[in-house]
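Read the figures in this text as sums done on the coordinates, not as results from a lab. All of these numbers come straight from a predicted model, not from anything done at the bench. Here Cβ is always computed from backbone atoms with ideal geometry, including for glycine, and neighbour counts include all displayed protein chains.
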There are 2 protein chains.
Amino acid sequence: MVTPLHVSISEKLRHQIEAGDYVSGEKLPSEHELMKTFQVSRITVRQAIANLVNQGLVSSQQGKGVFVVPQQKVTYSLSSPMVLLADDLSKKGIELTFKNLTFRKVRSPQEVQTALASAEKQVYLQKKLLYMNGAVGAIDISYILPELGKSLGPQLKQEMTFVVLEECAIAIESIDATIECTRADYETSDYLEVPLGHPLIVYRYIVYGPAQKPILWGETLSRADRFCYSLNIQP
Amino acid sequence: MVTPLHVSISEKLRHQIEAGDYVSGEKLPSEHELMKTFQVSRITVRQAIANLVNQGLVSSQQGKGVFVVPQQKVTYSLSSPMVLLADDLSKKGIELTFKNLTFRKVRSPQEVQTALASAEKQVYLQKKLLYMNGAVGAIDISYILPELGKSLGPQLKQEMTFVVLEECAIAIESIDATIECTRADYETSDYLEVPLGHPLIVYRYIVYGPAQKPILWGETLSRADRFCYSLNIQP
DNA sequence: ATTTTACACTTGTTATAACAAGCTATTATT
DNA sequence: AATAATAGCTTGTTATAACAAGTGTAAAAT
């Protein structure tokens with residue numbers, strides 16, 4: 001079995017990146033320069049770079065170049081509602097900010113209807129972007145019971161769900177959550193500034209209020225290269 | 001902004017797959033046939049298929065063709081040690097099996113040494129593959145304290161870590177775990193039968209025994225298309 | 001001095017071409 | 001009949017070529 005040229009080239013570049021020859025955010029040599037350096041055609045250089053993009057090490061921008069992606073990560077603790085971590089994060093010098101994309105009444109999807117077990121089919125949909133130190137890291141999509149959404153609406157626009165729920169003195173009984181992994185589709189790749197197919201961690205949750213009544217269904221799609229989740233299990 | 005041909009073609013194929021035109025495991029038309037169908041060059045067809053591969057929808061095999069990948073998923077509950085789920089899984093008709101790759105004494109890596117806080121630098125390394133219904137789904141790598149490894153060794157070879165620890169009546173005090181996401185490298189892509197860069201979920205854990213003494217450090221790298229984790233949070 | 005234009009450089013898209021390599025079934029040989 | 005060679009399919013690799021499109025800079029026009 002012969003190793004293809006594009007593999008050995010991307011391996012060389014990967015080693016150079018890991019060795020620190022190219023710093024985080026730095027521009028790689030252009031395709032033309034790499035063609036000269038490795039004495040191969042453009043198609044081979046492009047394939048080599050595509051490998052690195054797929055591995056999440058670099059990111060290309062038309063008209064500008066190929067850049068080494070920063071690998072800073074934020075850890076979210078799941079032993080408590082995740083928002084409690086906000087304090088810890090600022091201590092570490094990581095600032096979390098939010099940007100509201102949409103907040104409006106919609107007809108709830110079938111999956112949400114089942115989860116919320118609500119007779120009402122109109123719920124509030126909220127989409128917001130999550131930034132760490134100015135760089136986009138996750139998108140959160142949540143569906144909120146209409147009676148809650150009406151009162152919480154103005155505040156939900158700017159803040160994170162759990163914080164607001166606590167500030168509004170809404171008791172959280174428990175949270176059911178699932179963690180899985182998916183890949184960026186055409187919508188999320190746009191918002192999260194990642195290439196199509198980039199791995200995303202899906203944190204899907206149902207928040208239960210008093211009397212175990214589900215009050216919120218949501219999912220947070222995080223860039224796998226910027227967010228991870230930690231938890232503590234007591235058997 | 002004009003949509004590239006390869007994007008619209010991969011979108012068409014994606015819709016056909018989701019509509020069930022191509023069943024799980026079925027072969028897509030060959031590149032030559034797709035060239036005729038869409039009246040484009042081979043390079044465009046290949047780019048379209050590359051998009052689908054990156055999205056994890058199809059998988060190509062040299063000499064054979066391009067096939068729709070099955071999307072069956074297994075959920076691991078994290079509110080209890082994950083192995084308790086083995087019963088639930090068999091009820092769902094999912095059979096978990098294991099294959100031992102290595103079990104030997106090694107010098108522990110720096111990270112493990114710190115985590116286990118052990119004076120001894122020789123630990124047992126165990127690598128095993130995890131199959132669901134015969135299909136490979138995850139690889140588990142764990143480092144075990146020498147005194148435990150010596151006695152557990154013969155059984156650990158075939159069984160899953162937690163089960164054995166319980167059968168051997170070793171009390172598990174607690175488990176610290178982190179969930180993040182990475183991508184298949186050259187070694188894991190081989191074992192897990194996924195393309196380079198395919199997203200993997202990393203479940204990294206430290207098992208604490210009596211008196212909160214760490215007895216095991218491990219990580220499970222799961223194929224994101226076959227495993228996900230669920231948990232329950234009590235605030 | 002400010003704005004506009006043009007140019008050079010970057011990556012993105014698409015075509016044609018040829019050969020390599022893996023798989024399968026048929027044919028030819030033993 | 002069993003084995004080996006072959007032909008024909010598949011995807012993988014690599015080259016050359018041309019144009020499109022996004023970015024930034026330097027020159028030209030206002």
Q) So what are the ³J(HN,Hα) numbers for segment B:192-205, from phi and the Karplus equation (6.51, -1.76, 1.60; θ = phi - 60°), rounded to whole Hz, Gly and Pro as x? A) 8, 6, 10, x, 3, x, 4, x, 10, 8, 9, 10, 9, 9
Q.
Could you identify the residue of B sitting closest to the B-A rotation axis by Cβ and state that distance rounded to whole angstrom?
A. B:P199, 2
Q. Would you list A:H198, B:H6, B:H15 from fewest to most Cβ contacts within 10 Å?
A. B:H15, B:H6, A:H198
Q) What residues of segment B:39-61 lie in the reach of a label at B:L5, counting those whose backbone N is under 14 Å from a point 7 Å from the Cα along Cα→Cβ? A) B:39-49
Q: Tell me which residues come under 5 Å, amide H to amide H, from A:C181 once H is placed; ignore anything under 5 positions away on its chain.
A: A:V202
Q: Among the listed pairs B:K73/B:K128; A:K12/B:K105; A:K64/A:K99, give every one whose C-alpha distance is greater than 23 Å.
A: A:K12/B:K105; A:K64/A:K99
Q: One decimal, nm, shortest first: give the distances between the label point of B:L129 and those of the same position in the other copies, each label point 7 Å from Cα along Cα→Cβ.
A: 4.3
Q. Modelled label-to-label distance, B:Q122 and A:K12, 7 Å Cα→beta-carbon offset: nm?
A. 4.3
Q.
Would any residue of segment A:49-63 have its amide N under 12 Å from a label point 7 Å out along Cα→Cβ of A:S30? List them or say none.
A. A:63
Q. Relative to the other copies, what are the label-point distances for B:K12, with labels 7 Å from Cα along the C-beta vector, expressed in nm at one decimal and sorted shortest first?
A. 3.9
Q. Which length gain, in nm to one decimal place, applies between A:V40 and A:F67 when the Cα-Cα distance is subtracted from 0.36 nm times their residue separation?
A. 7.6 nm
Q. Which distances, in nm and shortest first, link the A:Q61 label point to the same label point in every other copy, taking 7 Å along Cα→Cβ?
A. 4.2
